[in-house]
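Here the structure comes first, spelled out in structure tokens, and everything after it is commentary.
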Amino acid sequence: MAAMMKANKFVIYQDASITWKDSVLELLDRGDKLGIQLWGSNWMHNIPVATLKGMFDYMGDMPCAYLNYTQIQSGIIVFKQTPFIVRAVLEPWAKCGFEKDCFCPLTKENSVDCFIPKKEIHVCH
């Protein structure tokens with residue numbers, strides 16, 4: 001991924017189900033202006049609901065900090081080559097993809113107390 005970023009202004013993640021339309025130019029333009037642009041639905045659960053605690057542990061982060069943030073099921077993500085995007089988004093994402101303790105953590109805890117009654121988290125991946 002780092003090599004792709006050095007050679008290109010953008011790196012685009014695209015789900016195989018996505019077909020290109022004229023609106024892609026607007027998406028690329030927003031990606032150029034903002035550094036990152038996602039196209040997809042945001043009707044998903046909040047992040048800790050579908051992320052195992054072991055992944056947060058691996059990243060050195062606290063799941064409860066993400067309760068107010070919804071997952072985004074993205075069909076297309078445009079990443080612009082900026083130091084922030086590379087360091088804060090792409091490097092951790094790529095590293096996690098190659099480390100089984102991150103993308104497939106051994107801890108299978110089903111819930112964590114985030115001071116929200118009856119809120120199950122860590123139920124997916």
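The values are calculated or read from the model by the stated rules, or taken from the named source; none is laboratory data. The structure presented is a predicted model; accordingly, all values stated were derived computationally and were not measured. As a convention, Cβ positions derive from the backbone with ideal geometry for all residues, glycine included, and neighbour counts pool all protein chains shown.
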Cβ-Cβ under 6 Å, sequence separation 6+ or interchain: first residue in segment 60-73 and over 23 Å from Tyr13 (Cα atoms), partner in a loop (DSSP other than H, G, I, E, B). Which pairs?
Pro63/Val112; Cys64/Cys114; Leu67/Cys114
State whether the residues of segment 25-39 include one that is modelled with pLDDT of 80 or more, within 27 Å of Asp101 (Cα to Cα) and more than 12 Å from the chain's Cα centre (by Cα).
no
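Yes/no per residue for (1) assigned to a strand (DSSP E or B); (2) surrounded by 12 or more Cβ atoms within 10 Å (Cβ to Cβ); (3) modelled with pLDDT of 80 or more; (4) aromatic (Phe, Trp, Tyr):
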| residue | (1), (2), (3), (4) |
| --- | --- |
| Tyr58 | no, yes, yes, yes |
| Ala65 | no, yes, yes, no |
| Ile76 | yes, yes, yes, no |
| Phe84 | no, no, yes, yes |
| Arg87 | no, no, yes, no |
| Lys95 | no, yes, yes, no |
| Asp101 | no, yes, no, no |
| Pro105 | no, yes, no, no |
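Quick check, is Leu90 hydrophobic (A, V, I, L, M, F, W, C) and within 14 Å of the chain's Cα centre (by Cα)? Give the steps one after another, and end with the answer.
Working: hydrophobic (A, V, I, L, M, F, W, C): yes; within 14 Å of the chain's Cα centre (by Cα): yes.
Yes, satisfied.
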